[in-house]
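As structure tokens, the structure follows; a few thoughts come after it.
The values are calculated or read from the model by the stated rules, or taken from the named source; none is laboratory data. Remember, predicted model here, so these are calculated numbers, not experimental data. Backbone-built Cβ (ideal geometry, glycine too); neighbour counts: all protein chains shown.
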Amino acid sequence: MLFEDSHPSHVLKNKNILLGLTGSIAAYKSADLVSKLVQAGADVHVIMTESATKFITPLTLKTLSKNPVSIDLWEEESDWHPGHVELADKCDLFVIAPATANTLAQFAHGNAESLLSSVYLVNRSTVLIAPAMNGKMWDHPATVANKKTLIERGHLFIEPVDGMLACGYEGCGKLAPVDHIFKAILTQF
Ligand SMILES: Cc1cc2nc3c(=O)[nH]c(=O)nc-3n(C[C@H](O)[C@H](O)[C@H](O)COP(=O)(O)O)c2cc1C
């Protein structure tokens, strides 16, 4: 496997990974993912939705990624070139982990209301989506249809797993283990 054959601190060297975080209880797990990616040499830029900031602080992700964290479409501080276009243009891989039902719907329908969904539309690199949600939300025909649309568009899914969900239900909807997501990212390079 790629990871075993290469030095961990070099395996993602010069790779620019854009990581979208959305408003799921699993958002805290992304801190670990960012840390692993940075240790593997990747340049990681995090975009959070407003909802994601209710679950984990931008400061944590800024510190771990060693890069500014972007949240608000209207507060971009770069030069004349809109930051969201630049983020998308530079990235080698666009990962959304965790991805909420709402964000899947926005992506499927081309809704560009948030910074994250705007970047999604500008991005042309491979999209890797790791959903996390209540099992009933995951099974709902609306979510199933959105997932189908995104797969038909060529995006890759890291399926959620069975387990005890934060809402108290047991079922399928738990974010895939961070190691699993990390390995899926490695296989893209
Ligand atoms: C405590 C709590 C946990 C939540 N966890 C999830 C979740 O795991 N998955 C999900 O799809 N929505 C979850 N939600 C609902 C989303 O936060 C909500 O739909 C939000 O609008 C998502 O916005 P975003 O996609 O822009 O991040 C949760 C809400 C609360 C209050």
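Residue-by-condition table, conditions (1) more than 12 Å from the ligand (Cβ to nearest atom); (2) aromatic (F, W, Y); (3) touching a helix residue (DSSP H, G or I) at 6+ places or on another chain (Cβ under 8 Å):
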{"position": "K15", "(1), (2), (3)": "yes, no, no"}
{"position": "T22", "(1), (2), (3)": "no, no, yes"}
{"position": "L37", "(1), (2), (3)": "yes, no, yes"}
{"position": "V44", "(1), (2), (3)": "yes, no, yes"}
{"position": "T63", "(1), (2), (3)": "yes, no, no"}
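Which residue is farthest from L37 (Cα to Cα), if the candidates are limited to the stretch 125-184 and must be touching a strand residue (DSSP E or B) at 6+ places or on another chain (Cβ under 7 Å) and among the acidic types (D, E)?
Ranking the candidates gives E170 first.
For L21, indicate whether it is at pLDDT 95 or above and within 17 Å of the chain's Cα centre (by Cα). Show your work before the answer.
Details: at pLDDT 95 or above: yes; within 17 Å of the chain's Cα centre (by Cα): yes.
Yes, satisfied.
When the residues of the stretch 105-127 are filtered to those that are surrounded by 23 or more Cβ atoms within 10 Å (Cβ to Cβ) and within 11 Å of the chain's Cα centre (by Cα), which remaining residue is farthest from Y28 (Cα to Cα)?
The selected residue is Y120.
Assigned to a helix (DSSP H, G or I) and surrounded by fewer than 19 Cβ atoms within 10 Å (Cβ to Cβ), is that true of K136?
On the way: assigned to a helix (DSSP H, G or I): yes; surrounded by fewer than 19 Cβ atoms within 10 Å (Cβ to Cβ): yes.
So K136 passes the test.
Using the structure shown, decide if T126 is away from the ligand (no atom under 13 Å from the Cβ) and under 22 Å from N16 (Cβ atoms). Explain how you work it out, then say what you get.
Details: away from the ligand (no atom under 13 Å from the Cβ): yes; under 22 Å from N16 (Cβ atoms): yes.
Judged against the criteria, T126 is a match.
Quick one: in the stretch 146-160, of everything that is in a helix (DSSP H, G or I) and exposed (fewer than 13 other Cβ atoms within 10 Å of the Cβ), which residue is farthest from the ligand (Cβ to nearest atom)? Walk me through it before giving the result.
Pass one, the stretch 146-160, residues in a helix (DSSP H, G or I): 146-152.
Then keep just the ones that are exposed (fewer than 13 other Cβ atoms within 10 Å of the Cβ); that gives 148, 151-152.
On the way: K148: 17, I151: 18, E152: 21 Å.
Taking the candidates together, the pick is E152.
H81: of a type outside the set (F, W, Y), modelled with pLDDT of 95 or more and either over 29 Å from F189 (Cβ atoms) or more than 11 Å from the ligand (Cβ to nearest atom) (or both), yes or no? Can you show your working first?
Values: of a type outside the set (F, W, Y): yes; modelled with pLDDT of 95 or more: no; either over 29 Å from F189 (Cβ atoms) or more than 11 Å from the ligand (Cβ to nearest atom) (or both): yes.
No, not satisfied.
When you check G163 against the structure, is it at pLDDT below 95, assigned to a strand (DSSP E or B), within 16 Å of the ligand (Cβ to nearest atom) and surrounded by 16 or more Cβ atoms within 10 Å (Cβ to Cβ), yes or no?
Working: at pLDDT below 95: yes; assigned to a strand (DSSP E or B): yes; within 16 Å of the ligand (Cβ to nearest atom): yes; surrounded by 16 or more Cβ atoms within 10 Å (Cβ to Cβ): no.
Answer is no for this residue.
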